[in-house]
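Just below is one structure, and these are the notes that go with it.
The values are calculated or read from the model by the stated rules, or taken from the named source; none is laboratory data. Computed from a predicted model, the values in this text were never measured in an experiment. Here the Cβ is made from the backbone with ideal geometry for all residues, glycine too, and neighbour counts use every protein chain on show. The protein model used for the area step is the full one, side chains on, heavy atoms only, and it has no ligands, DNA or RNA in it. Shrake-Rupley method; radii C 1.70, N 1.55, O 1.52, S 1.80 Å.
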Amino acid sequence: MMNRLSCFIFLLCNLFFILGEPVGSMAQASEGDKVRELFRRVNTPGEEQQALSELFQLLENTKDDEIKTRVSITIGQHMNSKAKVDSALLFGWKSVELIGNRTDTLSLKRLSRAYNILAIANNIKGLWDESVKWHFKSSETAVKVGDSLMYYMSAHGVANIYRHQGKYQESLELFKECLSQKDNLRMLYASHINMGIIYTDLERYEDANRHTEKALALCVESGDIKGQIICGTNLGMNSTFLGKHREALVLLDDAITLAKNHEYQRLKLNAQIYKSKTLQALGWNLSAHATLMQVREGMSGYNYLNMEEEVFARLKDVALAMGNYKAAYDYLSESNRVSDSIQALQANKKLKEYEVKYETLKKEKKIEALNAEQSRKELEIRKQKESKRHMLFFFIIILVPVVGLLVVYYQKLRTQSLLAKQQEEISRHEIATLLKDQEIKLGKASIDGQISERKRLARELHDTIGGNLAAIKMRCAREADKNGFPSEIVDQIDDTYQMARTLSHSLIPKNLSATAFTSLLRESLEAFRTDTLSEIELSAYPEGEINTLEQNLQVEIFTIVRELVNNTSKHAEAGRIELSLTLVENSLNLLFEDDGKGFDLSKSNEGIGLQNMRKRVENLSGSFMIDSHPERGTLVNIEIPLSKDISEEENKAEVKIG
């Protein structure tokens, strides 16, 4: 009972956040809109730094954990995109901590994204086994809530790690699977880029170009400048390998210009190094030398030691090709100097490791000496205690029976206290169980009463009002034939009769035992499809288990869904409705979303339809949350807890849905 109460309080807090009710909820709704806007700006060139500063300020000032979680995930994803690994790990772990043990659908989706942040950060650090572990946790969580996007993002991350490890076949298979996500341009071009690199390593340059060209077209379509630079450089490199040197120069010059205009310094220097190789292959040694000197100048102020060593080695080769042996010797000396610097840094690092080990060893020896001295003192103290112990021995013999009696008496009192507490706990548990059973019986009785009343109303409509209308219609028809009775009245009576007949039939509809619940729900939704409301989609996961839910619960879900779709078709002017039913860890989630005109929750009062739906959900001990903004559509999230013993066999009575 306490677990249900805690869950209800948590969902109620989320409801106030989404609905934008008074007492601070208007500020929460405003913060939610701000997070969405800052997410867009932090991924827009030119607005990144300002948006990031505002995200940090919002994280510091807000008191709402929901907002803190969303902000932390946004910052963590941005830090990964800038290769700031330590910051990405910090905010990834902060997101996991804020989500905690929550198991609702939205929290699990965010948890999957937090795991993905940790996976990408560990990949950038080169900790591939750790990265694979977090990718698998992200995909497992995504599968629980049917989040296909995060599943494929995790698969893409694992494939990238396999590429670094040289597991080319396994990597290609996963990248090909990721190519099925046609709607995710970023995943598509990233997969093509990585497949192109793999084929270059395998010296299959035509296949490498084919995938890299596809990636370049997608990068241009999505406006990803960094991706365009990488694709241009890779195509130029492949053209050099294929002997197409002039074509390679054009591609590399375009990549260099693009990187320079958008301040991607390392990508520009990398493309210039490949350009120098192509120029030397053409015999244009002076141009190759000038290009490498530009790279030297561009590296000023950056600690790119490996790149600096490669540049001097390339300058040495160019000087030899030009017959300038003195310059070649000088460049070789510089290359060796940089190489020695790298080795010295590594040696210093190794030396520091040895110093740490030496200091640790000295401390260990000092600790051993202190331990020996401590042991000697303890031995002396032990001898003193031994002599005192003999003196006290006789007193102890006398005290033992007294102490024994006291211990028995204490244990008796403690046992009685424990028994009293256990009995009190059992009584509270029995009372809570009785109250819970009574609550369930009352809910079932309420639903059964509604169904019986609908049947009675249907019979009354059909047998009394419908019969009387039929008789009146026939009599008016005879009068019309004899005395010219107005035909319009006859037609109006006929329409009224048909309306009463239709209403009676809608109150006593199809038998759920004859049709699967989800199939019946889809058939019912088709009746709302119009030229304007042309798309109504229903997804159920897992569909088989949802079809075996208790029929009384299916009746309520069916009624709520029809009322939601009916309200949308009448008032929202929507063109599309998306509806999902998800069964997650003994809880049923109903997520409804349309693209209609929406409304302002703070200015609109709930109508009878919304009040009835909210009442139905409360009768099922569930939560009802709605989020809507003008011109942004409406989202309704319903969570209904399920008791573990609910099954199709429990409800033997025939239940029908309108």
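Brief remarks follow.
- Just so you know, in the range 184-222 the residues that are among the acidic types (Asp, Glu) and closer than 15 Å to Phe241 by Cα include one that is surrounded by the most Cβ atoms within 10 Å (Cβ to Cβ), and it is Asp207.
- Only one of Ala271, Ala255, Ala321 that is assigned to a helix (DSSP H, G or I) and open to solvent by 50 Å² or more (accessible area, probe 1.4 Å): Ala321
- Restricting Val250, Val295 to those that are closer than 24 Å to Lys226 by Cβ, aliphatic (A, V, I, L, M), within 43 Å of the chain's Cα centre (by Cα) and open to solvent by 60 Å² or more (accessible area, probe 1.4 Å) reduces the list to Val250.
- Listed conditions (1) at pLDDT below 85; (2) of a type in the set (A, V, I, L, M); (3) buried (at least 17 other Cβ atoms within 10 Å of the Cβ) are all met by Leu305, apart from (3).
- Residues of the range 161-177 satisfying the condition of being surrounded by fewer than 21 Cβ atoms within 10 Å (Cβ to Cβ) and either out of contact with any Phe, Trp or Tyr (no Cβ under 9 Å at 6 or more places or on another chain) or in a helix (DSSP H, G or I) (or both): Arg163, His164, Gly166, Lys167, Tyr168, Gln169, Glu170, Leu172, Glu173, Lys176, Glu177
- Single residue of the range 618-628 satisfying the filter (within 23 Å of Gly598 (Cβ to Cβ) and in contact (Cβ under 8 Å) with a residue 60 or more places away in the chain) that is most open to solvent (accessible area, probe 1.4 Å): Asp627
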